[in-house]
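Here the structure is laid out as structure tokens; the discussion comes afterwards.
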Amino acid sequence: MGQLVEGDKKVAETLVSYFQDLIGTQSDIEDVDMEAMKEGTSLNIDQQLTLIVEVKRIQVKEALFSILNSKSPGPDGFSSGFFKNQWEVVGELITEAILDFFKGKFLRQINATSLTVIPKVEPPKMANDYRPIACCNVVYKAISKILCSKLKEILPVRINGESYEFFKGKKGLRQGDPISPMLFILVMEYLNRLLQQMAKDKRFKFHPMSRSLKLVNLSFADDLIIVCKAEEESLNCIMEVMRKFQKSTGLGINYTKSQIIFGGVDKKDQEHFLKLTNLPFGELPIRYLRSPISAGSLEDADHLFSTCPLTKSLLMKISDWLEIRMEGNSVQDIRENLMRVRGRRRDRGISAFVATCYHKQEQPQLKVMYNSILLCLTAYWGKGPKK
């Protein structure tokens, strides 16, 4: 149990202290295993040369002008809109500063970042219930975008609007930094190669259902599934890899978000394996990339609809509009609002992706559409005080 703190100042100090410990302290790391790195493909000479091609002045302008005016400014307070509007005045200076970076020179002030924390859950009760989002300076963002364009060819905390104490970041990636996702993918590739190296270890045994494919893991960003035969030696191999990965990258298992799931394993062995890994017990169905995974067939598309993010978005919007209706808005206003129910772009994309994970005969797309329309009709004509 943590200690309860109250007041803006105390809460701010607690969050600063938490994130300073998290990303403001330096950790000793080991070198990566070069033998493991040989498990995958590597860049050829031509691809390597594309990474060191000299950056042109026009690329600098294109990168900066691609940053939306609405993006939050960094610690210097200047948005991209300012630089675009005053390009004739500051353009030459900004271009030289960015080109200097690619020649090995970099002003430390450009690297300064404001961290804005947003709650991951409602209501947030602990410091780790907040997610830090980096607000970088525009010059830094432009540099990141240029680096991203190269990589694409081959593949102080802010509380309630006020800035608080400064600390020096020494590890971790910046959520909000354009290049962070790519750096994270590169780091996770090292884990993939460690696991592929492990699969050659005679102690490791594949999961019976993945033996023919030689499949050890499925990964997308930080969503990771590792499978193996329910034997102590196989689990030891996996835990050794995870410890080795942590020593080289600083990234370890998040035990609050991880589980071990058994299939056909007796109770006594389950308890032994849970103690061996220190992972909490989990059971199917689970969701991977928002798609439900079960040991059996998910024939009932109602399950898809009930877990669909679009459904949750619809329910929230309809509930809000019905509350407005009770405050005096006309039925016509409510109908117009409900006709606009389309869900956020991200929710629609996730819903479409989840739907493609099922056999066509199950027709989950039609089920989602049907139930979405049913929600709206129920809001129009259903019985109850708010209908």
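Every number here is computed from the coordinates shown, using simple stated rules; none is lab data. Everything numeric here is computed off the predicted structure, so don't read it as measured data. Positions of Cβ are generated from backbone atoms using ideal geometry, with glycine treated the same way; all protein chains shown enter the neighbour counts.
Rounded to the nearest 0.05, what FRET efficiency do residue 8 and residue 41 give with R0 = 41 Å and r taken as the Cβ-Cβ distance? Could you check? Before the final figure, lay out each step's value.
Values: r = 51 Å, r/R0 = 1.26.
After rounding, the FRET efficiency stands at 0.20.
Would you work out which of 22, 111, 58 lies farthest towards the positive end of the dipole of the stretch 8-177? Charges go on Cβ: Lys and Arg +1, Asp and Glu -1. The residue sitting most towards the positive pole is 58.
For the residue pairs 125/267; 141/214; 10/120; 9/71; 61/152, the C-alpha atoms sit more than 29 angstrom apart in 125/267; 141/214. Take residue 210, project a point 7 Å from its Cα along the Cβ direction, then tell me which residues of the stretch 181-199 have their backbone nitrogen under 20 Å from it. Those under the cut-off are 185-199. Spacing of the modelled spin labels on residue 189 and residue 155, each 7 Å from Cα toward Cβ, amounts to 0.1 nm.
Using packing as a proxy for protection, rank 131-137, 84-90 so that the peptide with the highest average count of other Cβ atoms within 10 Å comes first. Write out the running numbers ahead of the final one.
Numbers: 131-137: 19.6, 84-90: 12.4.
Sorting 131-137, 84-90 by mean packing, highest first, produces 131-137, 84-90.
Here 45, 118, 98, 238 are placed in order of increasing Cβ neighbour count within 10 Å, fewest first, which gives 45, 118, 238, 98.
Packing, as the average of other Cβ atoms within 10 Å across residues, places the peptides 241-251, 260-270, 104-114 in the order 241-251, 104-114, 260-270, highest first.
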